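Peer 1: Have a look at this one.
The values are calculated or read from the model by the stated rules, or taken from the named source; none is laboratory data. The shown structure was predicted, so the numbers you read here are calculated from the model rather than taken from an experiment. Glycine gets a Cβ as well: all are built from the backbone with ideal geometry, and neighbour counts include every protein chain shown. Remember, those area values only see protein heavy atoms, side chains included, never the ligands or the DNA or RNA. Shrake-Rupley method; radii C 1.70, N 1.55, O 1.52, S 1.80 Å.
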Amino acid sequence: MLTSSPPRKTLEHESDDDSYEVLDLTEYARRHHWWNRVFGRNSGPIVEKYSVATQIVMGGVTGWCAGFLFQKVGKLAATAVGGGFLLLQIASHSGYVQVDWKRVEKDVNKAKKQLKKRANKAAPEINTLIEESTEFIKQNIVVSSGFVGGFLLGLAS
């Protein structure tokens with residue numbers, strides 16, 4: 001049994017009346033957020049999906065976990081840095097290490113000047129990140145508030 005297929009339109013037979021849509025990438029990026037590609041079209045600001053109580057609980061639990069981990073890692077880092085300085089002082093006092101404090105002071109001042117220069121020339125990526133973070137917090141103020149409260153409780157526990 002033979003079937004006929006509809007005639008195909010080829011480049012040779014196209015007319016000049018065909019119109020093309022111009023895609024503005026900046027507008028497209030504003031409307032199609034990255035989380036839509038990752039989590040699907042039904043994802044979006046959490047405000048649209050859960051009640052206020054659920055948002056506060058979710059923010060509080062994640063904040064507490066982050067604060068607790070931050071506290072533990074911070075204590076470990078402080079212990080390591082403090083122990084290193086203690087060992088350096090003991091070695092210096094015992095005569096194993098001679099420290100040229102004038103050179104250390106000169107190098108620290110040089111590093112300070114370089115940091116100030118770099119801080120004055122803040123990268124545009126940082127400004128963009130700050131703007132996106134601020135917008136996210138504004139859209140999800142209830143979850144953000146719960147997260148901050150949970151984070152502070154996690155630091156205290």
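Peer 1: Is it the case that some residue within region 114-125 is farther than 21 Å from G59 by Cα, open to solvent by less than 80 Å² (accessible area, probe 1.4 Å) and not in a helix (DSSP H, G or I)?
Peer 2: Start the filter on region 114-125 by keeping residues that are farther than 21 Å from G59 by Cα, which leaves 114-125.
Going one step further and asking which of them are open to solvent by less than 80 Å² (accessible area, probe 1.4 Å), we end up with 119, 122-123.
Still in the running and not in a helix (DSSP H, G or I): 122-123.
Yes, because at least one residue in region 114-125 is farther than 21 Å from G59 by Cα, open to solvent by less than 80 Å² (accessible area, probe 1.4 Å) and not in a helix (DSSP H, G or I).
Peer 1: Then there is this: Somewhere in region 63-84, is a residue farther than 30 Å from A156 by Cβ and surrounded by 10 or more Cβ atoms within 10 Å (Cβ to Cβ)?
Peer 2: no
Peer 1: Which of the residues that make up region 85-113 are open to solvent by less than 70 Å² (accessible area, probe 1.4 Å) and assigned to a helix (DSSP H, G or I)?
Peer 2: Across region 85-113, the qualifying residues are A91, S92, V104, N109, A111.
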